[in-house]
Structure formats: structure tokens, C-alpha cells
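All of the numbers you see were taken from the coordinates with simple rules; none came from a lab. All figures in this text were calculated on a predicted structure; none of them were measured in a lab. Please note: Cβ atoms are built from the backbone with ideal geometry, for glycine as well, and neighbour counts cover all protein chains shown.
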């Protein structure tokens, strides 16, 4: 990019990656809200679940352990998808793959920091919310905005 901003010939590609990120974030939100409803229902043995009927059909009569495993698996999958979209967006904006390693390392670093803060939350009040916030940031399209901002910085 020789000029400031996003090149005209790449704007459609950028828009498609951002749209994919937004659609994925919407799917993730729907899935996790309903999965959390079902986890609450199973954990507390309530008479009915607030989870969407489609989600209840998918997971059937799964136990708490299986639901938590699914939730963790989907969380890591969500991080991987958003990381991949960030790498693709950086490739479109910068014209090469050199940022891929740094983006992946950044995601891994924030994920490890989130896990460490989660572990320390038993002794330090408030760290659980910070850990959860970091984890959620990596699962939503927020990092795509950081890649866009980085592309507009002077070199």
C-alpha cells in the first residue's frame, strides 16, 4: 500500500472478510448464549431450558461434562477462526504473509494470559472478569479492527 488507507482494488476483499467475521461472531453469540442456557439447565436441574429448540435438538440429553467440553472446544475453534480471518485480512491489506506469525503469536499470547489470569482469579478478586474479557475479545471480530488500524498506520 503506497497510499494512506485501503487500496480501492482491495476494498471488496476487505469487506468480504469483515462480513465473514461479523457473520461468524453472530453465529458464535447465538450458539454460546443457548449453550450457556442449556448448561445452566443441566447444572441446576431446572424443570425447563431457555435454550433455543434447535440447540436443544443438536445437543439432545448431553450431560454437564459433555456440554462443558463442547463449550471449551467451540471457544478454541472461535479463536482459531478469528485468528485465521485476521491473517487473511492482513494478507489482503499488506500484500504478503509476513504478519501471519505475529498475529498467531499475539492470539496465543493473549490466550495464555487469559488462562493465567483465570488461574490467579481464585486469589485476586476481579481477575476472572479480565480473563473472560480477553478470551471473548479473541472469539469476536474485534481483532479484525486492530488489523485494519495497523494497515492505516504510517510505515
Practice item. Decide, for the stretch 63-116, between rounded, prolate and oblate: order the square roots of the alpha carbon gyration tensor eigenvalues as a ≥ b ≥ c, take rounded if a/c falls under 1.5, and otherwise choose prolate if a/b is larger than b/c, else oblate. Key: oblate
Check your understanding: Arranged by the count of other C-beta atoms within 10 angstrom, fewest first, what order do 10, 101, 155 take?
Key -> 155, 101, 10
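Find how much the distance from residue 149 to residue 53 grows on full extension, using 0.36 nm per residue of separation minus their present alpha carbon separation; answer in nm with one decimal. Provide the component values of the computation, followed by the final result.
Working: separation 96, 0.36 × 96 = 34.56 nm, distance 3.99 nm.
In short, 30.6 nm is gained.
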Revision key, fill the gap. Under the helix-only model (-39500 (n - 2.57) for each DSSP H run of 4 or more, divided by the residues of the chain), the mean residue ellipticity at 222 nm, to 500 deg cm²/dmol, is -26000 deg cm²/dmol
Practice item. Could you please rank 37, 50, placing first whichever residue has the fewest other Cβ atoms within 10 Å of its Cβ? Key: 50, 37
Point to revise | Net length gained if the chain between residue 27 and residue 71 were fully extended (0.36 nm per residue, minus Cα distance) | key: 14.5 nm
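For the stretch 8-152, rounded, prolate or oblate, judged on the Cα gyration tensor with a ≥ b ≥ c (square roots of eigenvalues), a/c < 1.5 rounded, else prolate if a/b > b/c?
Oblate, because a/c is 1.5 or more while a/b does not exceed b/c.
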